[in-house]
Amino acid sequence: MIKERLEQLRQLMAVHHMDAYMIPTSDFHESEYVGDYFKCREFITGFTGSAGTAVITMNEAGLWTDGRYFVQAAQQLAETGITLRKMGQPGVPTMEEYLDEVLPEGGCLGFDGRVVNGKTGKELEELLEYKHVKLAHEKDLVAEIWKERPELSSEPVWILKENFAGKSALEKIKELRSKMKKEKATAHVLTTLDDIAWLLNIRGNDVNCNPVVLSYALITLDSFQLYINEQVLNEEVRGYLKDLGITICPYNDIYKAVALLKNEKVLVETGKANYAVIKGIDSSNRIIDKMNPTALAKAIKNPVEVENMKKAHIKDGVAMVKYIYWLKQHVGKETITEVSAQEHLDHLRSQQEGNLGLSFDTISAYGANAAMCHYKATAENDTPLEPRGLYLVDSGGQYYEGTTDVTRTIALGPLTDAEREHFTLTVMSMLRLGAVKFLYGCRGLTLDYVAREPFWSRGINFDHGTGHGVGYLLNVHERPNGIRWRMVPERQDNCILEEGMITSDEPGVYIEGSHGVRTENLVVCKKAEENEYGQFMEFEFLTMVPIDLEALDKSIMTEKDVELLNNYHRVVYEKLSPYVSGEEALWLKENTRSI
């Protein structure tokens, strides 16, 4: 099947005189997760992971993906004729190096310019210019092969009321125009879905787990065009948008609209707008290539959003208490697998008032499977839970009151000394970072060592960021705030930590073939005291879920670590106890006791 598709693609490449064809994992909006319509790379390669880029030439095919997916990709690409290119590994060329090597003088690189961002397209232009390689970005060749391609999502749009959003869309648009003036911009092209949803206080369901709406926006100082599939708008939403001064235009007309701009100063983030949009902007315009102003504005949650997020986390905490209690009572007494456990948790979350679904696909991983950070339990690899060892569950929900993301590692029975040590170090790390106080002006890069010190002092490390920004009833991964130990410029998550920013705090330990541990809370940044040294900042935990006392090795904890744990559990009990009863209430009290 895959070999046939590759052959069909090569036939089309020959018709269009293309020497190579690139297929990334993306939609028209540079979204992290994409709808079924956009899964072209999966269709061509058979690889189902959420990240990766395929490059097809006339006699070779390669897939570039990162360490999260090496095992999965190797299995899914077997016997397809597609070579797995393990990104970042010694001797493995980058995709750009490969293209530079294989494309001939005067050759042609093809791709759909709507799914490659403008920055990447420009970099490829510059890289291949010396060879006079042409970039042909107008053809979606996969569409000509994919006969049963799903329809473009067109889920209904709804309005997020101000008692949840905390600020009107009218205010947000006014503030955006103020930022445009500051940047000397006369027009702003906005294509990122979460930014548009946040700006207009609208939500939808066009990307799994991300309540966004397929749309583009073109904003000037006195007009606002929204490019959207009109059938997703009911009369209420149409009236609401009209009252905001917004003109509704057909979704695909954005390309005509940008081509009509002349002699404007256009604010557009080329790394987030697609190449076709950027190429369509006339040379008479001056492009101001800066991060969308809405990215920072959206990350700084207003007081209403923060208070709502606290309510969402209490609801979420109740679901998690019910889940952990159920797990402890039933493992070893009946058959529970990773998939059935996940389904039970997803159901418990769905029962919470105001729940609108999951914020990402639940990670349910037992034993050695938890050593793979982004493990996905399926019918093919479903592992039964046994009354021993550690089980990791990373999950979250979408509520009218916000977005949650929590990881807990749970002892299902007897543990090894190494499992207990790694569990305890992870808890110490998470609590220490949550308790840190710092001067205003710090970034996540400054604070990361607080979390890593318990590991690094023992020669241990975890190979992922310690924290990412989280949206409000939006994407569970949100820039520009984050916590990591080294700069990764393309992630754009190292801004100054501002009051109202919500970030995850999620250290872990991953021992291949044995076990994995991660403990994750969300924290909100807020002001502490201000004195002659300046404004101090601190975090407050939003996540209210017990930490498994059965897995702790208290002997490696300092008095301060014990105090931090006891203080956290005291608050968890205070917040959750009014909402649980019977055996669950007794279990919660026992499992949040002081140690």
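Derivation of every value follows stated rules applied to the coordinates shown; laboratory data play no part. Since this is a predicted model, take the numbers as computed values, not measurements. Glycine gets a Cβ as well: all are built from the backbone with ideal geometry, and neighbour counts include every protein chain shown.
Compute the angle between helix 559-576 and the longest alpha-carbon principal axis of the chain, please, reported from 0 to 90 degrees and rounded to the nearest 10.
Rounded to the nearest ten degrees, it is 80.
Could you name the aspartates and glutamates in cross-link range of LYS311, using Cα to Cα under 12 Å and dropping any fewer than eight places away on the same chain?
Hits, sequence-local ones excluded: GLU353, GLU401.
Please give the charge dipole size of segment 2-145, origin at the Cα centre, charges +1 on K and R Cβ atoms and -1 on D and E Cβ atoms. Round to the nearest 20 debye.
That gives segment 2-145 a dipole magnitude of about 280 debye.
As a check on your grasp of the helix formula, calculate [θ] at 222 nm for the chain: sum -39500 (n - 2.57) over DSSP H runs of n ≥ 4, divide by the residue count, round to the nearest 500.
Value at 222 nm, helices only: -10500 deg cm²/dmol.
Whole-Hz ³J(HN,Hα) for each residue in segment 444-455, computed from phi via Karplus 6.51 cos²θ - 1.76 cosθ + 1.60 with θ = phi - 60°, x for glycine and proline: what do you get?
x, 4, 5, 8, 4, 4, 4, 6, 8, 3, x, 7
Note down the relative contact order for segment 300-566 as a percent, whole number, built from C-alpha pairs under 8 angstrom at least six residues apart.
After rounding, I find 22 percent.
For LYS298, LYS526, which order do you get if you count the other beta carbons within 10 Å of each Cβ and list the fewest first?
Taking fewest neighbouring Cβ atoms as first place, the list is LYS526, LYS298.
Taking the Cβ of ASP346 as the centre, find all other residues whose Cβ is under 13 Å away and add up their charges (Lys, Arg: +1; Asp, Glu: -1).
Summing Lys and Arg as +1 and Asp and Glu as -1 gives -3.
Place a point 7 Å from the Cα of SER50 along the Cα-to-Cβ direction; which residues of segment 336-361 have their backbone N under 13 Å from it?
358-361
Within a 10 angstrom radius of the beta carbon, how do VAL304, VAL488, VAL189 rank from fewest other beta carbons to most?
The most exposed by this proxy come first: VAL488, VAL304, VAL189.
Below 8 Å between Cα atoms, with a sequence gap of 6+, how large is the relative contact order for the chain in percent?
So the answer I get is 11 percent.
By how many degrees, between 0 and 90 and to the nearest 10, does the Cα long axis of helix 338-350 differ from the longest principal axis of the chain?
90 degrees
Volume per residue, Å³, of the convex hull around the alpha-carbon atoms of the chain?
Value for the chain: 168 Å³ per residue.
Find how much the distance from CYS442 to GLU512 grows on full extension, using 0.36 nm per residue of separation minus their present alpha carbon separation; answer in nm with one decimal.
21.8 nm is the gain from fully extending CYS442 to GLU512.
If amide hydrogens are placed 1.01 Å from N in the peptide plane, which non-local residues have theirs closer than 5 Å to the one on GLY357?
Placed amide hydrogens put GLN398 under 5 Å from GLY357.
Per residue of segment 416-433, what does 6.51 cos²θ - 1.76 cosθ + 1.60 with θ = phi - 60° give for ³J(HN,Hα)? Whole Hz please, x for Gly and Pro, Karplus curve as stated.
7, 4, 5, 4, 5, 4, 5, 4, 5, 4, 5, 5, 4, 4, 4, 5, 5, 5
If you wrap a convex hull around the alpha carbons of segment 100-156, what volume per residue comes out, as a whole number of Å³?
Taking the convex hull of the Cα positions in segment 100-156, it is 103 Å³ per residue.
Can you list residues from other chains, or at least 5 along the same chain, whose modelled amide H is less than 5 Å from the amide H of MET544?
Here the answer is GLY317, since their amide H atoms fall under 5 Å of that of MET544.
Among 327-340, 27-40, how do they line up by average Cβ neighbours within 10 Å per residue, starting with the highest?
The densest-packed peptide leads the list: 27-40, 327-340.
List the residues whose amide H sits under 5 Å from the amide H of MET537, counting only those 5 or more places along or on another chain, with H placed 1.01 Å from N in the peptide plane.
Result for MET537 returns PHE438, LEU439, TYR440, ALA528.
Give the order of THR25, THR57 when sorted by the count of other beta carbons within 10 angstrom, beginning with the fewest.
Taking fewest neighbouring Cβ atoms as first place, the list is THR57, THR25.
So what does log10 I(q)/I(0) come out to for segment 300-566 at q = 0.13 Å⁻¹, using the Debye formula with one equal point on every Cα and no solvent?
-0.82
Whole-Hz ³J(HN,Hα) for each residue in segment 362-373, computed from phi via Karplus 6.51 cos²θ - 1.76 cosθ + 1.60 with θ = phi - 60°, x for glycine and proline: what do you get?
Values, residue by residue: 4, 9, 10, 9, 9, x, 5, 4, 6, 6, 9, 3 Hz.
Could you give the angle, 0 to 90 degrees to the nearest 10, between helix 303-330's Cα long axis and the longest principal axis of the Cα atoms of the chain?
60 degrees
Can you tell me which lysines have their Cα less than 17 Å from the Cα of LYS174? Leave out same-chain residues fewer than eight positions away.
Straight-line reach from LYS174, under 17 Å: LYS182, LYS184, LYS242, LYS298.
Roughly how far apart, in whole Å, are the Cα centres of segment 310-380 and segment 517-547?
Cα centroid to Cα centroid, the span is 26 Å.
Grab every C-alpha pair in segment 158-293, bin the distances at 10 angstrom width from 0 up to the longest one, and report whole percents.
Whole-percent P(r) values from 0 Å outward: 12, 45, 34, 8, 0.
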